[in-house]
Amino acid sequence: MPDESAMRRRDLPGLVIVYTGKGKGKTTAALGLAFRALGSNRKVAIVQFIKGKWKTGERKFAETLPGLTFLVMGEGFTWDSDDLSRDKLAAEKAWAASEQMILAGDHDIVILDEITYAINYGFIPVERVTQTLMARPEKVHVVVTGRDAPEEVVELADLVTEMTPVRHPYDRGVPAQLGIDF
Ligand code: ATP
Ligand code: MG
């Protein structure tokens with residue numbers, strides 16, 4: 001453990017953390033951080049910018065955890081039609097909820113899982129995201145995950161990790177597994 005007296009813990013700033021790249025581990029890294037923070041009684045919010053049709057392991061577990069706010073984009077909608085305007089609306093709503101939580105400062109960590117896709121598809125203007133990150137209360141940590149993180153977000157981040165794929169079981173035909181991939 002680092003010496004906490006050397007740098008008073010309460011003076012430490014909130015961080016913008018980006019997990020990007022083509023390798024597996026972005027969402028699970030963010031979930032690991034949430035696990036760690038919840039264990040130290042921090043309040044955590046996770047917003048998943050994915051179509052909320054399937055119940056992933058993290059979503060099922062989240063429902064049992066106090067101190068964790070867990071939102072999935074488009075919950076309550078039917079996703080059977082490939083309707084782009086509906087996707088956009090769902091992304092906008094998920095972003096509005098995220099923005100509100102980041103600015104309110106009630107959560108120590110706000111995780112924006114897979115938000116890079118919603119930005120890169122043009123559903124959420126990148127300036128809205130960077131403005132919110134810059135305007136957030138200084139203690140709030142924000143985690144951004146997803147491939148192809150926009151340059152503007154990377155620029156202002158304090159911590160950026162790019163996952164590099166070296167090998168993935170999918171390459172030899174092993175499909176996604178319960179408990180490992182979802
Ligand atoms: P995880 O949620 O497992 O941490 P991730 O967030 O880094 O993965 P995503 O781009 O969100 O990756 O994709 C999620 C799904 O795609 C997972 O089932 C994961 O195993 C799979 N996946 C991730 N990277 C690769 C890859 N390089 N090749 C094949 N499948 C991959
Ligand atoms: Mg992911």
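Can you give me the number of residues within region 49-94 that are of a type in the set (Lys, Arg) and either at pLDDT below 75 or under 17 Å from residue 146 (Cα atoms) (or both)?
Residues meeting the conditions: 2.
How many residues are within 14 Å of residue 102 (Cβ to Cβ) and either at pLDDT below 95 or within 16 Å of ligand 1 (Cβ to nearest atom) (or both) if we restrict to region 123-152?
Matching residues across region 123-152 total 2.
Collect the residues in region 14-71 that are over 26 Å from residue 168 (Cα atoms) and polar (S, T, N, Q), keeping them in residue-number order.
Across region 14-71, the qualifying residues are 40, 41, 64, 69.
Taking only pairs six or more apart or across chains, which ones have beta-carbon atoms under 8 Å, a first residue in region 54-67 that is under 15 Å from residue 35 (Cβ atoms), and a second residue that is surrounded by fewer than 13 Cβ atoms within 10 Å (Cβ to Cβ)?
Pairs found: 57/178; 57/179; 67/41.
Could you check how many residues of region 16-43 are within 13 Å of ligand 2 (Cβ to nearest atom), among the hydrophobic types (A, V, I, L, M, F, W, C) and out of contact with any helix residue (DSSP H, G or I) (no Cβ under 8 Å at 6 or more places or on another chain)?
Total meeting the criteria: 2.
Can you run down the residue pairs with Cβ atoms below 8 Å, 6 or more apart or on separate chains, where the first is in region 26-53 and farther than 19 Å from residue 97 by Cβ and the partner is near ligand 1 (Cβ under 10 Å from one of its atoms) and hydrophobic (A, V, I, L, M, F, W, C)?
Going by the 8 Å Cβ cut-off, the qualifying pairs are 26/163; 29/163.
The values are calculated or read from the model by the stated rules, or taken from the named source; none is laboratory data. Fair warning: this is a prediction, and the values are worked out from it, not measured in the lab. Note that each Cβ is placed from the backbone with ideal geometry, even for glycine, and that neighbours are counted across all protein chains shown.
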